[in-house]
Amino acid sequence: MPVFWYEDKDTFLHRMNPVLKVWVYLILVYMGSVYTILEFRIPLFIIMNIFALSSRMPKWWWRFPYLMQVMAIPWDLTFGSFAANPDLYQRLPMWIKEIELFYLTAHDFTIGPFHIGRIGFTGPNLYLYLSGALLRLGAWVMLLSMIYTISPTQQLQMLASAKAPAAFQFVFMLPWRYASVMAQLTARVYQAQTLRGYERKKSRNPFVEAQRMLPLMYPVVRTSVGMIDEIAVAAEARAFGTGPRAPLYDFKMGKKEWAVIIPLIIILVVTQYFYWTVKWGTI
């Protein structure tokens with residue numbers, strides 16, 4: 001199966017209206033980005049993962065967001081150390097604000113008019129890191145499940161239904177389809193070269209590594225250049241971009257779709273009201 005590509009399956013998420021999936025994703029991600037408390041983000045993380053599990057996407061797809069999160073740990077901790085000042089957090093419980101692990105500076109740190117305090121790691125900034133990690137993981141997993149369950153044709157038809165410019169539709173779909181084809185082509189070339197006796201040996205020297213990759217890259221690049229010309233000729237032969245596209249699918253929201261969206265909108269409005277009035281959901 002191509003990397004990060006749609007697969008036709010008979011699941012609840014595959015049968016769901018693509019427009020409904022997009023709206024559910026946008027509402028959940030928006031709410032998660034606004035409300036930073038763990039009491040909200042933990043249930044949201046669970047809901048997003050249940051949403052993704054229902055798609056039955058391959059197991060190795062799940063590794064990608066978690067691997068990205070692990071790789072981002074040094075970056076997150078470095079910038080998170082600037083948010084160690086407990087005074088920056090007005091609504092966290094006192095027992096969390098009193099946790100002090102260690103400080104990197106002995107004195108307070110300021111940037112212009114902003115009083116940052118001492119740089120280090122305390123309960124509040126670790127709380128903030130955990131909250132952000134849950135949101136990112138949930139959003140990535142849910143996004144991958146949507147990629148897995150919304151076909152490229154449906155994506156293009158949604159753009160056509162939204163009356164997006166033809167040039168934008170072309171720019172959106174060309175790399176999307178081309179990336180999958182390139183992944184398949186690279187896999188085939190690697191298999192063919194392996195059968196011919198090619199053995200890839202890793203080296204710490206980037207120039208040696210590049211030289212060893214030539215038996216793979218030469219046929220891939222040569223074929224891809226020809227594919228670009230074929231795609232351009234095919235698009236021109238189909239008069240792509242000369243006029244508005246006629247949508248092949250009707251993605252109108254029915255009663256079942258509105259039965260899902262309306263409760264989400266009500267929850268969003270209620271939580272936004274408390275967010276604006278009493279700053280609910282913030283730390």
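Quick note: the coordinates plus some simple rules give every number you see, no bench work behind them. Please read all numbers here as calculations on a predicted model, not as lab measurements. We place every Cβ from the backbone using ideal geometry, glycine too, and count neighbours over all the protein chains shown.
Just a few scattered comments:
- Considering the conditions (1) more than 29 Å from the chain's Cα centre (by Cα); (2) hydroxyl-bearing (Ser, Thr, Tyr); (3) surrounded by 18 or more Cβ atoms within 10 Å (Cβ to Cβ), Thr105 is excluded by exactly one of them, (3).
- Filter result for the condition that a residue is among the small types (Gly, Ala, Ser), assigned to a helix (DSSP H, G or I) and surrounded by 13 or more Cβ atoms within 10 Å (Cβ to Cβ), over Gly226, Gly138: Gly138
Here is a yes/no grid of residues against (1) β-branched (Val, Ile, Thr); (2) surrounded by fewer than 17 Cβ atoms within 10 Å (Cβ to Cβ); (3) free of Cβ contacts under 8 Å to residues at least 60 places away in the same chain; (4) part of a helix (DSSP H, G or I):
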| position | (1), (2), (3), (4) |
| --- | --- |
| Glu7 | no, yes, no, no |
| Arg41 | no, no, no, yes |
| Phe64 | no, yes, no, yes |
| Leu67 | no, yes, yes, yes |
| Ser81 | no, no, yes, yes |
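- Every condition in (1) in a helix (DSSP H, G or I); (2) out of contact with any Asp or Glu (no Cβ under 9 Å at 6 or more places or on another chain) holds for Tyr198 except the one numbered (1).
Residues are listed down the side, and each one gets a yes or a no for (1) aliphatic (A, V, I, L, M); (2) more than 14 Å from the chain's Cα centre (by Cα); (3) part of a helix (DSSP H, G or I):
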residue	(1), (2), (3)
Gln154	no, yes, yes
Ala164	yes, yes, no
Ala167	yes, yes, yes
Phe172	no, yes, yes
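- Contact map, region 94-108: first residue touching a residue at least 24 places away in the same chain (Cβ under 8 Å), second residue hydroxyl-bearing (Ser, Thr, Tyr), Cβ cut-off under 7 Å, separation 6 or more or different chains; pairs are Ile96/Tyr127; Lys97/Tyr89; Ile99/Thr122; Leu101/Thr122.
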